[in-house]
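Have a look at the structure below, then the notes.
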Amino acid sequence: MSSRVVLTALSHLLLVLTLASVVPVWADEKQPYVTSPPSSSDERTTNQVERQQTQPFNNAPLWREVRSGDPGITQVKGIETGVLVQPQGEAWRTLRNGPVILYGGILLLVVPAAILLFFAWRGSLKMHSPPSGRLIQRFTSWERLIHWLTAISFVVLAFSGILMLFGKYIVLPLFGYTLFSWIAIVSKNLHNFVGPLFVFCTVLMFFTFVGGNFWRVYDWKWIKKGGGMVSGEHVPAGKYNAGEKLWFWGGVTLLGIVVSASGLILDFPNFDQGRGLMQQANIVHGVAALFYMAASLGHIYLGTIGMQGAYRAMRHGTVDETWAREHHEYWYDDLKARNVVASPSTHSTPGPRAQPQHG
Ligand code: HEM
């Protein structure tokens, strides 16, 4: 039998032996772990008992374990019941009570201040020519109903949300704990009940107004010229100008979806949501709502004092023919092309119905 055959056999053996020696150790390792889980908690208990003798009331190791967030053993059924302290909660609290409140507060102060400065400088956007006295219908009663249902629920949510986020810093010092806690409880419940209504209205609002909000080439020109709001020049637009379309897609649709989805997660915590998901939903909800409120201030400003004749469109459903021509020229041209004639302005009688053909 040649030496080469002997050598090969020996090396194979060595390999097997090495493997054989390793596997049992590994198995051993597993073995002692599998066999001694009870002992580790026993070990822990023993350590605790010993520690109570040598260092009475020193539960530091126990609390280190509790604060690790690793689930402990408990009889209580449910989500995360074994987790006594969830470490991410600290990160959530620092984020919410830190940057979210600080930068959110700055945003909600700077935006209205900028709008007021603009109003003080530019005043209300007026029509260039006098009103014709003839009215055109701009919004149907259904469009106005959906608008005001959404708008009112939005404003209720905004005020109760601001109170829940900033109340501790603004209202509490003014009214003291008792009154503040009542205000906070009422706001929280109002928010929880009006929230789902707002979600429902947002869906209806999307389908009611989407038709007139598709982007058109001329909308870029409107954006470039800032709608003529600074220069005062006339910039033609469709039924809704590019600014309204940005409010519709960026505010009503995108932020509407984010605040609604995160709000529903927070409002209905009975789908086994863990604390982590609730904390994330809270931050996303708060940040999206802060941007939504800031954006809505621009819309509300233009829908009230910022533009002459705008408010009546959503209040009574009609606008003056001159207003339509000056602010929504392509929409007005389309009405003309379809022979939609304006009727003389008597407050109670709305003008003939107008469908948007141009965006
Ligand atoms: C609370 C105060 C509000 C006021 C005074 C107000 C006023 C107005 C006015 C006057 C118009 C008609 C503009 C036009 O003729 O082009 C309008 C349109 C509209 N508003 Fe409001 N609004 C308010 C709140 C809201 C809120 C909270 C939302 C959404 C959450 C909203 C969504 C819309 C939409 C979607 C339109 C149709 C124009 C478009 O689609 O862009 N409004 N609003």
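It is to be established whether one or more residues within segment 165-173 are in contact (Cβ under 8 Å) with a residue 24 or more places away in the chain and either surrounded by fewer than 18 Cβ atoms within 10 Å (Cβ to Cβ) or near the ligand (Cβ under 9 Å from one of its atoms) (or both).
yes
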Check your understanding: Right, Gln357: more than 10 Å from the ligand (Cβ to nearest atom) and modelled with pLDDT under 90 or not?
Key -> yes
Practice item. Check Gly250, Gly298 and return the single one that is open to solvent by 20 Å² or more (accessible area, probe 1.4 Å), assigned by TED's automatic domain parsing to the domain that holds Asn213, under 20 Å from Leu107 (Cβ atoms) and more than 13 Å from the chain's Cα centre (by Cα). Key: Gly298
Review point. Does Gly286 satisfy the criteria of being within 16 Å of the ligand (Cβ to nearest atom), open to solvent by less than 70 Å² (accessible area, probe 1.4 Å) and modelled with pLDDT of 95 or more?
Key: no
Study note, to complete from the structure: Considering residues that are farther than 15 Å from Tyr292 by Cα and open to solvent by 80 Å² or more (accessible area, probe 1.4 Å), the number found within segment 82-112 is 6
Practice item. Can you confirm whether segment 261-277 contains a residue that is away from the ligand (no atom under 12 Å from the Cβ), in contact with a strand residue (DSSP E or B) (Cβ under 9 Å, 6 or more places away or on another chain), open to solvent by 30 Å² or more (accessible area, probe 1.4 Å) and touching a residue at least 24 places away in the same chain (Cβ under 8 Å)? Key: no
Review point. Name the pairs whose Cβ atoms lie under 9 Å apart, with the first residue in segment 62-76 and among the aromatic types (Phe, Trp, Tyr), the second surrounded by 11 or more Cβ atoms within 10 Å (Cβ to Cβ) and assigned to a loop (DSSP other than H, G, I, E, B), and 6 or more positions between them or separate chains?
Key: Trp63/Val85
Check your understanding: Hey, among Leu135, Leu149, which residue is closer than 25 Å to Leu163 by Cβ and of a type in the set (A, V, I, L, M, F, W, C)?
Key -> Leu149
Practice item. Determine if segment 237-246 includes at least one residue that is at pLDDT 95 or above and more than 11 Å from the ligand (Cβ to nearest atom). Key: no
Study note, to complete from the structure: The lone condition Leu107 fails out of (1) closer than 21 Å to Met278 by Cα; (2) hydrophobic (A, V, I, L, M, F, W, C); (3) in contact with a Phe, Trp or Tyr (Cβ under 9 Å, 6 or more places away or on another chain); (4) away from the ligand (no atom under 16 Å from the Cβ) is (1)
Review point. In segment 266-297, which residues are more than 20 Å from Asn97 (Cβ to Cβ), in contact with a Gly (Cβ under 8 Å, 6 or more places away or on another chain) and among the polar types (S, T, N, Q)?
Key: Ser296
Revision key, fill the gap. When every residue in segment 41-59 that is open to solvent by less than 50 Å² (accessible area, probe 1.4 Å) and closer than 20 Å to Ile73 by Cβ is compared, the one modelled with the lowest pLDDT is Ser41
Exercise for review: Have a look at Phe193, Phe154, Phe159 and point out the one that is more than 16 Å from the ligand (Cβ to nearest atom) and either modelled with pLDDT of 95 or more or surrounded by 14 or more Cβ atoms within 10 Å (Cβ to Cβ) (or both).
Suggested key: Phe193
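Could you list, in sequence order, the residues of segment 70-81 that are closer than 19 Å to Gln48 by Cα and either surrounded by 13 or more Cβ atoms within 10 Å (Cβ to Cβ) or not aliphatic (A, V, I, L, M) (or both)?
Across segment 70-81, the qualifying residues are Asp70, Pro71, Gly72, Thr74.
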Study note, to complete from the structure: When segment 307-317 is checked residue by residue, the ones that are touching a helix residue (DSSP H, G or I) at 6+ places or on another chain (Cβ under 7 Å) and either more than 8 Å from the ligand (Cβ to nearest atom) or open to solvent by less than 20 Å² (accessible area, probe 1.4 Å) (or both) are Gly309, Ala310, Gly317
Point to revise | helices (runs of 4 or more DSSP H) within segment 178-286 that include 1 or more residues β-branched (Val, Ile, Thr) and touching a helix residue (DSSP H, G or I) at 6+ places or on another chain (Cβ under 6 Å) | key: 217-224, 256-267
Review point. Quick check: is even one residue across segment 231-239 without any contact (Cβ under 8 Å) to a residue 40 or more places away in the chain, assigned by TED's automatic domain parsing to the domain that holds Leu145 and within 23 Å of Thr150 (Cβ to Cβ)?
Key: no
Study note, to complete from the structure: When (1) exposed (fewer than 13 other Cβ atoms within 10 Å of the Cβ); (2) aliphatic (A, V, I, L, M); (3) farther than 24 Å from Leu266 by Cα are applied to Ile115, the one that fails is (1)
Exercise for review: Take the residues in segment 124-143 that are assigned to a loop (DSSP other than H, G, I, E, B) and within 14 Å of the ligand (Cβ to nearest atom), then tell me which one is nearest to Thr318 (Cα to Cα).
Suggested key: Arg138
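The values are calculated or read from the model by the stated rules, or taken from the named source; none is laboratory data. In this text the structure is predicted, and so the values were computed from the model without any measurement. Virtual Cβ from ideal backbone geometry, glycine too; neighbours counted across all protein chains shown. Heads up: the accessible areas ignore ligands, DNA and RNA and are worked out on the full protein's heavy atoms, side chains in. Shrake-Rupley method; radii C 1.70, N 1.55, O 1.52, S 1.80 Å.
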